[in-house]
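Data block below; observations after.
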Amino acid sequence: MTPRDVEQELAEYLNAAGLGVSTTGNSPSLYAGRFPVDGPDQLVCVRFTGGDGGAYLGGGGLLEPECQVVVRGHRGAVTATRELAVACWAALHVARVPGYVSVWCEGAGPVEQSPDDKQRPRFSFNVVARYVA
């Protein structure tokens with residue numbers, strides 16, 4: 001079994017979803033992996049957080065890795081940041097991502113986190129992406 005780069009593949013899916021965030025350009029606003037503390041005020045980060053080991057299926061396995069999506073916004077822009085987080089959640093919830101058996105978001109939507117040290121609002125949610133390896 002070979003693990004997939006789930007955080008990168010989910011970030012690419014969000015990149016193509018037309019949400020106004022991008023993995024490219026001089027100042028990307030969509031990241032896979034480590035949360036970029038020095039990134040732009042408004043950004044989306046998809047990071048691997050572990051997950052269930054899955055199930056063995058004889059010749060391979062069904063893996064269920066989890067990622068967390070963190071959305072940060074401009075200072076004072078709580079509503080706009082929440083709207084972007086909801087758009088990301090809606091794009092990933094029960095999404096048909098190529099190569100995955102299923103992708104779904106846990107919970108009923110993004111959860112507001114405490115603002116960062118520069119008082120920028122943050123929202124987050126977890127995603128489970130099931131695939132056969």
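Observations on the structure shown:
- Selection from region 87-99 of residues that are touching a residue at least 40 places away in the same chain (Cβ under 8 Å) and assigned to a loop (DSSP other than H, G, I, E, B): Ala95, Val97, Gly99
- Checking Thr81 against (1) part of a strand (DSSP E or B); (2) under 15 Å from the mean Cα position of the chain (by Cα); (3) of a type outside the set (D, E, K, R), the condition it does not meet: (1)
- Some residue of region 116-127 being part of a loop (DSSP other than H, G, I, E, B), within 13 Å of Glu7 (Cβ to Cβ), touching a residue at least 12 places away in the same chain (Cβ under 8 Å) and in contact with a helix residue (DSSP H, G or I) (Cβ under 9 Å, 6 or more places away or on another chain): no
- Pairs with Cβ under 7 Å, 6+ apart, first in region 6-18 and in contact (Cβ under 8 Å) with a residue 60 or more places away in the chain, second small (Gly, Ala, Ser) and in a loop (DSSP other than H, G, I, E, B): Glu7/Gly33; Tyr13/Ala95
- Among the residues of region 1-39, those that are part of a helix (DSSP H, G or I) and polar (S, T, N, Q) comprise Gln8, Asn15.
- Considering residues of region 43-59 that are out of contact with any helix residue (DSSP H, G or I) (no Cβ under 7 Å at 6 or more places or on another chain) and under 19 Å from Phe125 (Cα atoms) only, the residue modelled with the lowest pLDDT: Asp52
- Among (1) farther than 15 Å from Ala17 by Cα; (2) hydrophobic (A, V, I, L, M, F, W, C); (3) at pLDDT below 95 - the single one Cys105 does not satisfy: (3)
- Here region 1-36 is the region considered, the condition is being among the polar types (S, T, N, Q) and closer than 22 Å to His93 by Cα, and the residue that is surrounded by the most Cβ atoms within 10 Å (Cβ to Cβ) is Ser29.
- From the list Thr81, Thr24, the one residue that fits, being modelled with pLDDT under 95 and at negative phi, is Thr24.
- Checking every residue in region 102-110 against the condition of being hydrophobic (A, V, I, L, M, F, W, C), free of Cβ contacts under 8 Å to residues at least 12 places away in the same chain, surrounded by fewer than 19 Cβ atoms within 10 Å (Cβ to Cβ) and outside any helix (DSSP H, G or I) gives at least one match.
The values are calculated or read from the model by the stated rules, or taken from the named source; none is laboratory data. A quick note: this is a predicted structure, and the numbers were derived from the prediction, not measured. All Cβ positions, even for glycine, are placed from backbone atoms using ideal geometry, and neighbour counts span all protein chains on display.
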